[in-house]
Amino acid sequence: MTQPLVIGATGMVGGAILRRLAADGAQPVGLSRRPQAAQDGVTWLGADLADLGRAALPLLGVVYATAPVGLVADAVPALAQAGMTRLVVFTSTSIATKWNSPDPDERAAIRRWGADEARAIEACRAGGVAWTVLRPTLIYLEGRDGNVSRIAGLIRRFRFFPLMGGGEGLRQPVHADDLASAAIAAAERPSCAGKIYDLPGGETLSYREMVGRIFDGLGLPRLIVPVPDWAWRLALPLAVRVLPGLSATMATRMAKDMTFDLAPAATEIGWQPRRFYPQFKQARVG
């Protein structure tokens, strides 16, 4: 009997996939380099994705991968040897939206990401493995992600949020659990093999409104402060101390639309993501 394997099982999306599979009685295997607490219906395999040749892999069928796609590409031969017939792997719509980023480091990283995605596809083709690539937009899971929850942490700490200009750029935040549902649905549909799907959230809203909904989810009054471009750039050296990784490019992106069509995934996977109403009252945020 084959077992589904979840690579990235301790992450936001991977953990949600693992929980859903266990609840369905699928007896999934979670891959982790570190020991994990016992979980009903789940078998944990202690192994390093970068060195799967040494791992005692069970007889596999479907493999779900949320780990870096370059490592997944390298592991495809070992997974195929263990019986993998189907790979559902996550990358990101950033491959499209940031491909020509003005930041040279970011641009180089995104192009490596795209090349790794292509390499994973080619490895599956060479090994006779059916594949599906899922590209989410802005992933969130209250208290755990580095995007929406990071904004929530700043709001909780300072009680306001600075927004460059009007923050009119459009966004489609997508919940991690919805992505887990999509991955399992895609694996069950032979017609989804050999395809790449964009997975936007169930609502398109401006960056400003997205931030406003985060205030709402924290139970705090909305206090969004527009900051002119020149003032933002002047304050950037101080801002990065509060929010490591912030850059002028990230700030100017608040005005850029980053939206995708959910119709193909809706038609072929049954994609029906929730609207964006995050709830942070019970979640820990930074």
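The values are calculated or read from the model by the stated rules, or taken from the named source; none is laboratory data. Since this is a predicted model, take the numbers as computed values, not measurements. No Cβ is skipped: glycine too gets one built from the backbone with ideal geometry, and neighbour counts run over all protein chains shown. Please note that ligands, DNA and RNA were not included when accessible areas were found on the heavy atoms of the full protein model with its side chains. Shrake-Rupley method; radii C 1.70, N 1.55, O 1.52, S 1.80 Å.
With both labels modelled 7 Å from their Cα along Cα-to-Cβ, the Q27 to A108 distance reads 4.8 nm. Using the Cβ-Cβ distance between I196 and L236 with R0 set to 35 Å, the FRET efficiency from 1/(1 + (r/R0)^6) comes to roughly 0.50. Per residue, the chain exposes 47 Å² of solvent-accessible protein surface, assessed with a 1.4 angstrom probe and all protein chains in place. Across the alpha-carbon atoms of the stretch 1-145, the computed radius of gyration and Dmax are 15.4, 50 angstrom. Highest mean first, the peptides 3-9, 151-157 sorted by other C-beta atoms within 10 Å per residue fall in the order 3-9, 151-157. The slack in the chain from R284 to T252, taken as 0.36 nm per residue of separation less the alpha-carbon distance, amounts to 8.7 nm. The alpha-carbon atoms of the stretch 89-234, seen along their principal axes, cover 54, 34, 22 angstrom, with the largest extent given first.
Note on K98: aspartates and glutamates with a C-alpha under 19 Å away, same-chain residues under 8 apart excluded, are E106, D116, E117, E168, D198, D257, D261. The long axis of helix 176-188 is offset from the longest Cα principal axis of the chain by roughly 30 degrees.
Treating each Cα of the chain as an identical point scatterer and summing with the Debye formula, the log10 of I(q)/I(0) at q = 0.14, 0.15 Å⁻¹ comes to -1.05, -1.17. Using R0 = 51 Å, the C-beta based FRET efficiency linking E188 and R157 works out to 0.75. For the pair the stretch 98-168 and the stretch 34-74, the centres of their Cα atoms are 22 angstrom apart.
Per-peptide packing, taken as the mean over residues of other Cβ atoms within 10 Å, places 128-134, 50-56 in the sequence 128-134, 50-56 from highest down.
Placing dummy labels 7 Å off each Cα toward the beta-carbon, the span from R34 to A266 is 4.0 nm. Identify which of R241, R275, R86 has the largest mean-square fluctuation in a Gaussian network model of the chain, with springs joining Cα atoms closer than 10 Å. Result for the chain, Cα springs under 10 Å: R241 fluctuates most.
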